[in-house]
Amino acid sequence: MKRLANTYDRTLEALLGASLGMASILSSATMAAAQQAATAPDSSRVEEVVVTAEKRSESVQRIPSTISALSTADIKTRGIESIDDISRMVPSVNFGKFGYSTQISARGVGMNLIAGEGESSVAVQLDGIPLSRTSMLELAQDDLSRVEFLLGPQGTLYGRNATAGVLNLITPTPPRDFEAGLTVGGGNYHQFEAKGYVGGPLNARVRARLYVGAEQHEGYIEDVTTGQRLDDQRDLNFRLAVDADVTDKFAVELRAFDLNGHSSGPVYKPIDPVNGLPPGSLLLQPWKIKADHNYGTTLKMAGGSVRLSYALTPSDKLTSLTGYIHYDDHQHYDADGTSLDLFYNDRPQHLDQATEEIDYIHEGSRLKAVLGGFVMYEKINDLGETVFTPGFVPINGLVSLGFANEKKNSNEAVFGDLTYAATDRLSVFGGLRGIFDHRALTVTDSLNFVGGVTFNLCTPADPTGNESSQTDALTGRFGARYAVNDTSSVFGSVSRGYKSGGFNPAACGNAYAPEYLSAFEIGSKNVFFDHRLIFNVAAFYYDFKNLQVEQVVGTSSVIDSVPRSHIYGLDSEVSWKLSSRWLIDGNLSLLHARYVNFFYIDQLTNINENLAGKPLNRSPDWSLNVGLQYTQPLPVGRVIARVDIYSTDKFVLRPSNQPADFQPSYTTLAASISYVSADEKLRLRAWVKNATDQAYLQGIFAIPLFGLGREGIYGPPATYGVELTRNF
C-alpha cells in the first residue's frame, strides 16, 4: 500500500505540475466563451480514418472485415509509443513479451513459441515490408503516422503467417511544403527523449524527410546482487524518406532506416513461491531480482525499400516494392535469475532478408482488383549461441551447451483479390493465394564438458542436423458486403489462413507442422447521428489445426503441434462524439478459445495432461478498453484531457493451464493532459501510464532443472512524464 500511495503521489505531482502551468490559459478561456466555438477545430464528427489495408485508399467503414486504425492525431493524443500501447486500443488483441520475443495474440491465435525458432501468427509490415522476426518490433515502432490492425486471416493480400491478422506500421511521407519539428521530454526512471524531423520539397518533383530520434530510460528492475538496473532502454534511430514524381505517371518512393537499441536485459525472474532452491537465493517481488551475472543486449536493424509506381491508365496501376533488412541481435543474460551460479546465456543472431512484390491494381467504377506476385528470401545465422552451465559442473562436469545453426528460408507466392459491385448496394469479394515455402536448416548442437571434451548431439552430417522441407498451400477468402444505407453496412466472409512450419534448432530433429485456420465472420459497420457515432461489431468462428506450442524438455526447447482448437467470439468498437468537446471511445471483446484435443506432458510435474476444453494461451474470455476525452477550446488553442482504462479477464500463459500459469484479471489506467496551440505548432503534454502501479505478467516460461519452476517477465510499473513538441 505504501508503494501504491507513493505512486499516486508521483502521478498527481506530474499531472498537477502540468496543469498549474496551464492555469492562466484555462482561466482566460472561461472569460472568452463566445470565442471558443470560433477557435475550436471542427470536432462535431468522429473522424473516419482512411487506410491502405487492401492496397488502395479506403475508409475503414467501407472495408468488409474487422480493422482498427489509429490516425496521426490518435497517436499524438493517446501517446502511442509501443506495440503494447497499440494492443490496448484493438479488440481481441493480447500483447506480451518474453525477452525480446514479442508475443502478439489476436482472437486467441498468436505466438506461442519462446525459446525455439518460430514466427508470429500476426504478420507485421513496416511500410509494406514484412518483419519476419518478432524481436524486430522492439525497433520498428518509432516515428509512425498511422497504424492499421486487421483481424482474421489476410492471406490473399499479405501471404503466409497472416493467420491471425496483419499489423501495418506506416511512417510519415515527405511533405509537399517545408515542415520541421522537435520533441523533447522527460519522466521518472530518468527518462529522456529528443526527436526531430525536417522535410519538404527539394525541387518541383522531389520531396524528402529526415528523422532522428533518441530515447532512454533507467531500468525498471533492480538487481539487488550486482546493483545493476535492468530492463532499461537506450535507442538511437534514423529514418530517411524520399518521394519523386519522375513523370506525371511514374513515381518513386525511397525509404531507408538505421535503428539501434541497447538494453540491460532480457530479464527472466523466478515467480514460483515453492521451489527447490536455497532460501534467500531469489526474490519473488515484481521488479526486483537476485541475479549474479550482468545483462546486456544490442539490437540493430538497417535497410529500406524502393517502391515504383506507374499509372497505366487513370484506373490501372503497376507497382513494384523491393525491400532489404539486415538485423543483428546479441543478448547476454542470467537465465536462472538467482544469486546461484547455475547457468547464463550468450546469444548472437544475424539475419538478412530480401523481398520483392509486384502488383497490378485496378480501381474501376464496379470492379476493384489486386493481382500480384511475391518473393522473400532470408538467411539467419546463429553461429555462436552458448548456454553456460556452471551449476552442472559439480554434478556431471557439463560446462556449456552450444547451438550453431544456419537457416535459409524462401517464400514465393502468386495472388489475386477482387471486389465487384453487383449493384449500388451489394458487392462481392474473393481472392486466392498460392504459397510455396522452402526451408532448410544446418545445425550442430553440442555438450561441452570439463577438460575440453565435446559431445555433438547433431551435426550437418547427420539426418537430424541437415534438414529441409517444401510446403505448398492455398489460402483464400470469399464474402459479400451489403450497404443498408449510406452509412451502415453488413458483411460476411469465409477465409483460410496458413502459417509456415519449420525446424527447431534448439532440439535435434524437432520438425513442426504448418498451422491452418478456417475462419467464418459476420459483422456490421455503422455511422449514426450525422457522423457523431461510429459503432462496428463482428462475430467470428475459427477451426484451428496444428497450433504450435513449446515447452522445455531437459535442457532443450521442444515445439509440438495441437491437433485441433476451436475459437469463437465477438468484437465491438465504438467512437461517440457526445458534443464538440466530449468523446467516448473503446472496444469490448468476448472470446472463447479452447483446445479440442491435446495431450501435454508438463515437465514440471511429469503428468500427461488432457487439455481438452482448456483455454489457449493469451485468450481472456473478455477484455475491455474505455477512453474518455475532453477538449476545452481556448482563444489561444485548446486543452485535451484524456483517460484510458484497460481491463482484462484472467488468461493463461503456458499450455499446462495449472493455476500458477494464469495471469489474474487486472486493470490499468493511463491519463494525459495536453495543450495544443491554435496554429497546431506547439504541443505540451503530461502523461502517466499504469498509474496504479499494477504488476502483471507478460510471459511465463517453465524450467524444470534445479527446481527453478516458472520464470516470468512483468510489464512496466507506473511511468509518467512531460513532453514538448514544436513544429515549424
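At a glance:
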read-out	value
Segment 459-483: number of residues that are assigned to a loop (DSSP other than H, G, I, E, B) and surrounded by fewer than 16 Cβ atoms within 10 Å (Cβ to Cβ)	4
Qualifying residue in segment 190-203 (condition: at pLDDT 95 or above, farther than 30 Å from Asp292 by Cβ, acidic (Asp, Glu) and open to solvent by less than 40 Å² (accessible area, probe 1.4 Å))	yes
All positions within segment 57-68 that are crowded, with 16+ Cβ neighbours inside 10 Å and assigned to a loop (DSSP other than H, G, I, E, B)	Ile63, Pro64, Ser65, Thr66
Some residue of segment 486-505 being within 28 Å of Pro563 (Cβ to Cβ) and surrounded by fewer than 16 Cβ atoms within 10 Å (Cβ to Cβ)	yes
Matching residues in segment 665-683 - criterion: being over 27 Å from Thr648 (Cβ atoms), touching a Phe, Trp or Tyr at 6+ places or on another chain (Cβ under 9 Å) and surrounded by fewer than 20 Cβ atoms within 10 Å (Cβ to Cβ)	Lys681, Leu682
Residue match in segment 256-266 (condition: more than 20 Å from the chain's Cα centre (by Cα) and acidic (Asp, Glu))	no
Residue count for segment 440-458, restricted to those that are open to solvent by 70 Å² or more (accessible area, probe 1.4 Å) and in contact with a Cys (Cβ under 8 Å, 6 or more places away or on another chain)	1
Some residue of segment 252-262 being open to solvent by 40 Å² or more (accessible area, probe 1.4 Å) and not in a strand (DSSP E or B)	no
Some residue of segment 562-580 being under 30 Å from Ala513 (Cβ atoms), charged (D, E, K, R), open to solvent by less than 60 Å² (accessible area, probe 1.4 Å) and modelled with pLDDT under 90	no
Unique match (being touching a Gly at 6+ places or on another chain (Cβ under 9 Å) and either at pLDDT 90 or above or open to solvent by less than 30 Å² (accessible area, probe 1.4 Å) (or both)) among Tyr344, Tyr324, Tyr310	Tyr324
Pairs where the first residue, in segment 160-182, is of a type in the set (D, E, K, R) and at pLDDT below 95 and the second is surrounded by 16 or more Cβ atoms within 10 Å (Cβ to Cβ) and not in a strand (DSSP E or B), C-beta under 8 Å, 6+ apart	Arg160/Ser500
Gly721 being closer than 30 Å to Val562 by Cβ, among the small types (Gly, Ala, Ser) and either open to solvent by 20 Å² or more (accessible area, probe 1.4 Å) or under 24 Å from the mean Cα position of the chain (by Cα) (or both)	no
Scan of segment 283-296 for residues that are open to solvent by less than 60 Å² (accessible area, probe 1.4 Å) and assigned to a strand (DSSP E or B), ordered by number	Ile289, Gly296
Residue match in segment 93-106 (condition: modelled with pLDDT under 85, closer than 28 Å to Leu474 by Cα and not in a strand (DSSP E or B))	no
Pairs where the first residue, in segment 405-420, is more than 15 Å from Ala473 (Cβ to Cβ) and the second is of a type in the set (Lys, Arg), C-beta under 7 Å, 6+ apart	Lys408/Lys379; Thr419/Lys368; Tyr420/Arg366
Positions within segment 413-428 being in a strand (DSSP E or B) and either open to solvent by less than 10 Å² (accessible area, probe 1.4 Å) or β-branched (Val, Ile, Thr) (or both), in sequence order	Ala413, Val414, Asp417, Thr419, Val428
Enumerated strands (runs of 3 or more DSSP E) restricted to segment 587-663, each holding at least 2 residues that are over 22 Å from Phe95 (Cβ atoms), open to solvent by 30 Å² or more (accessible area, probe 1.4 Å) and free of Cβ contacts under 8 Å to residues at least 12 places away in the same chain	607-610
Segment 209-230 - residue that is assigned to a loop (DSSP other than H, G, I, E, B) and without any contact (Cβ under 8 Å) to a residue 40 or more places away in the chain and, of those, farthest from Pro314 (Cα to Cα)	Gly227
Selection within segment 534-561 - at pLDDT 95 or above and of a type outside the set (Phe, Trp, Tyr)	Ile534, Asn536, Val537, Ala538, Ala539, Asp543
So Glu356, is it under 28 Å from the mean Cα position of the chain (by Cα), within 30 Å of Phe429 (Cβ to Cβ) and either without any contact (Cβ under 8 Å) to a residue 40 or more places away in the chain or surrounded by fewer than 20 Cβ atoms within 10 Å (Cβ to Cβ) (or both)	yes
Strands (runs of 3 or more DSSP E) lying entirely in segment 130-208 (those with 3 or more residues that are within 21 Å of Ser87 (Cα to Cα) and not β-branched (Val, Ile, Thr))	146-151, 165-170
Those residues of segment 679-695 which are in contact with a Pro (Cβ under 8 Å, 6 or more places away or on another chain) and either more than 23 Å from Val184 (Cβ to Cβ) or not in a strand (DSSP E or B) (or both), in sequence order	Asn690, Asp693, Ala695
Selection status of Gly431, outside any loop (DSSP other than H, G, I, E, B) and under 27 Å from the mean Cα position of the chain (by Cα)	yes
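Results for (1) open to solvent by 10 Å² or more (accessible area, probe 1.4 Å); (2) touching a strand residue (DSSP E or B) at 6+ places or on another chain (Cβ under 9 Å); (3) within 30 Å of Ala421 (Cα to Cα), shown as yes or no for each residue.
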{"site": "Ala73", "(1), (2), (3)": "yes, no, no"}
{"site": "Lys76", "(1), (2), (3)": "yes, yes, no"}
{"site": "Ser82", "(1), (2), (3)": "yes, yes, no"}
{"site": "Gln125", "(1), (2), (3)": "yes, yes, yes"}
{"site": "Gly128", "(1), (2), (3)": "yes, yes, yes"}
{"site": "Ser132", "(1), (2), (3)": "yes, yes, no"}
{"site": "Leu139", "(1), (2), (3)": "no, yes, no"}
{"site": "Asp143", "(1), (2), (3)": "yes, yes, no"}
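The values are calculated or read from the model by the stated rules, or taken from the named source; none is laboratory data. Keep in mind that what you see is a predicted model, and the values were worked out from it rather than measured. As a convention, Cβ positions derive from the backbone with ideal geometry for all residues, glycine included, and neighbour counts pool all protein chains shown. The area values use the complete protein model at the heavy-atom level, side chains included, leaving out ligands, DNA and RNA. Shrake-Rupley method; radii C 1.70, N 1.55, O 1.52, S 1.80 Å.
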